[in-house]
Amino acid sequence: MTIGIGDRGALVAKTNFIVAYAFHHDTPQRLADPTDRIATARREVEYLLYEDSDGKLWPGAANGFTYLMDCAAAKEGLLAPTFGRHRVSSTTGPTAKHDESYYLDPKNPITDESCT
């Protein structure tokens with residue numbers, strides 16, 4: 001998280017974070033590695049605090065993507081991992097363009113690979 005000054009003198013908190021959701025699998029020995037049972041969401045979000053806003057935060061710019069997410073489940077409003085398909089998403093979504101470490105490193109730019 002970084003803090004700066006934005007438009008109209010607003011205090012701007014810029015966040016960059018990854019949330020990992022872990023799931024149970026009945027036969028974990030069938031999975032290739034631990035990431036086969038997680039789904040992640042990476043977000044960059046700005047929060048604005050104006051002098052005249054009575055301490056209330058306002059949303060600013062936001063961007064993000066999902067990784068190791070089952071897109072078919074996401075389209076139904078559900079959160080689920082791909083369970084070993086080594087993809088950005090399940091068969092309904094794009095194949096990963098980078099290695100796994102790229103998506104899990106907040107220093108890398110936000111990608112457009114995600115469930116749509």
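Each of SER101, THR2, ALA62 was placed along the dipole of segment 2-103 (beta-carbon charges, centred on the mean Cα), and the one lying farthest toward the positive end is SER101. In the chain, Cα pairs under 8 Å separated by at least six residues give a relative contact order of 23 percent. Site pair LEU57 and ALA72 shows an inter-label distance of 3.7 nm when each label is modelled 7 Å from Cα along Cα→Cβ. For the chain, modelled as a GNM whose springs connect Cα atoms under 10 angstrom apart, the maximal fluctuation among PHE83, PHE23, PHE65 occurs at PHE23. Among the lysines of the chain, pairs that are 8 or more positions apart or on different chains and have alpha carbons within less than 23 Å of each other number 4. Which values of log₁₀ I(q)/I(0), to two decimal places, follow from the Debye formula for the chain at q = 0.12, 0.21 Å⁻¹ with a uniform point scatterer at every Cα? Taking Cα atoms of the chain as identical point scatterers yields -0.52, -1.06. Between the beta carbons of VAL45 and PHE23, assuming R0 = 25 Å, the FRET efficiency works out to 0.55 to the nearest 0.05.
At VAL12 and LEU79, where each label point lies 7 Å from the Cα along Cα→Cβ, what is the point-to-point distance in nanometres? Calculated label separation equals 2.8 nm.
Every number here is computed from the coordinates shown, using simple stated rules; none is lab data. As the structure is a prediction and not an experimental result, all values here were calculated from the model. Backbone-built Cβ (ideal geometry, glycine too); neighbour counts: all protein chains shown.
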